1. Give the percent of DSSP beta bridges with both residues in segment 14-117 that are antiparallel, rounded to the nearest 5.
2. Counting other C-beta atoms within 10 Å, which of Arg260, Arg27 has the fewest, and how do the rest follow?
3. So what's the gap between the Cα centers of segment 75-107 and segment 210-243, to the nearest angstrom?
4. Could you please rank Tyr75, Tyr179, Tyr174, placing first whichever residue has the fewest other Cβ atoms within 10 Å of its Cβ?
5. Going by C-beta contacts inside 10 Å, put Val224, Val29 in order with the fewest on the left.
6. If packing is taken as the average count of other Cβ atoms within 10 Å, what order do 132-141, 94-103 fall into, highest mean first?
7. Please find, in a Gaussian network model of the chain (springs between Cα atoms separated by less than 10 Å), the residue of Leu122, Leu38, Leu269 whose mean-square fluctuation is greatest.
8. How high is the relative contact order of segment 137-253, given as a whole-number percent (alpha carbon pairs under 8 Å, six or more residues apart)?
Amino acid sequence: MTHQPYTPPKVWQWDAKSGGTFANINRPVAGPTHEKELPVGKHPLQLYSLATPNGMKATIMLEELLALGHGGAEYDAHLIQISDGDQFSSGFVNINPNSKIPAMMDHSVTPSLRVFESGSILLYLADKFQALIPQAIGPRTECLSWLFWQIGTGPLLGGGFGHFYAYAPEKYEYPINRYTMEVKRQLDVLDRQLAQHRFVAGDEYTIADIAIWPWYGELVNNKVYNAAEFLEVHIYKNVLRWADEIAQRPAVQRGRMVNRTWGEPHEQLHERHDAADFATKTQDKSLTQST
């Protein structure tokens, strides 16, 4: 293709062959593409997800709750392969009509509740277990402001910068420059906040950190988009300090593994049905390091 100016047609028409990493699953209509029931495991909380940044929010949250001693947060995590279109099955669409991961069912209540959208899952679990969210109105409001900051900025980082820098079939200067400018502004917002506080919403680790770290923590640690050098992330020293501290949390390390199908074998736990599932991965890592 040549970089010719584009004039939008009077009526847009879908071109299924437009290219891009996810072109085979993108479409302009909702609803299921095929009939398939979702599996149901033994725990009241059933998660259907993939270890994308949004998916990691849910698994990190659940592992953090379990680390705090909330046994009711035990869960089954079922793998949803978005590149294969699993999110368009009838079973998944019944839980999330928007066909995006993560989605969750809570069978501990009657009737069972569906919860979809990653921010909603975090808030639901925080309120359900009265954990990882401040209870006083002031700190709670600050926490929620940062939670929704991530929900608002995430599409600009992922669907904007991430798409045009890493996934688009061709690299174009204007969208890359536009979204790079915005992502660097967002990193500066975080850096200024973290210059004054240990964690994003204050001195307490909350769902705000759990929402933001899989995107911006992984970005500055060069785990998404391979863009750390391009973005000069070394200048965001407070974000790097925060990102490294959270990366050391055992619950974060476990949550990051769940529903992951790429990377080193010891970093992957395709499905999680019991805490003991992590033991095999610990052994795998030990074997890898000893050879």
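1. Numbers: 8 of 14 bridges.
Once the DSSP bridges in segment 14-117 are tallied, antiparallel ones form about 55 percent.
2. Details: Arg260 20, Arg27 14.
Listed from fewest to most nearby Cβ atoms, that is Arg27, Arg260.
3. Measuring centre to centre over Cα atoms gives 28 Å.
4. On the way: Tyr75 27, Tyr179 20, Tyr174 9.
Going from sparsest to densest Cβ surroundings: Tyr174, Tyr179, Tyr75.
5. Values: Val224 20, Val29 6.
Ordered from fewest to most neighbouring Cβ atoms within 10 Å, Val224, Val29 come out as Val29, Val224.
6. Numbers: 132-141: 13.6, 94-103: 20.0.
Order by mean packing, descending: 94-103, 132-141.
7. In the Gaussian network model the winner is Leu38.
8. On the way: 99 pairs, mean separation 30.2, N = 117.
Over segment 137-253, the number comes to 26 percent.
Any read-out appearing in this document is the output of simple, stated calculations on the displayed coordinates, not a laboratory observation. Fair warning: this is a prediction, and the values are worked out from it, not measured in the lab. No Cβ is skipped: glycine too gets one built from the backbone with ideal geometry, and neighbour counts run over all protein chains shown.
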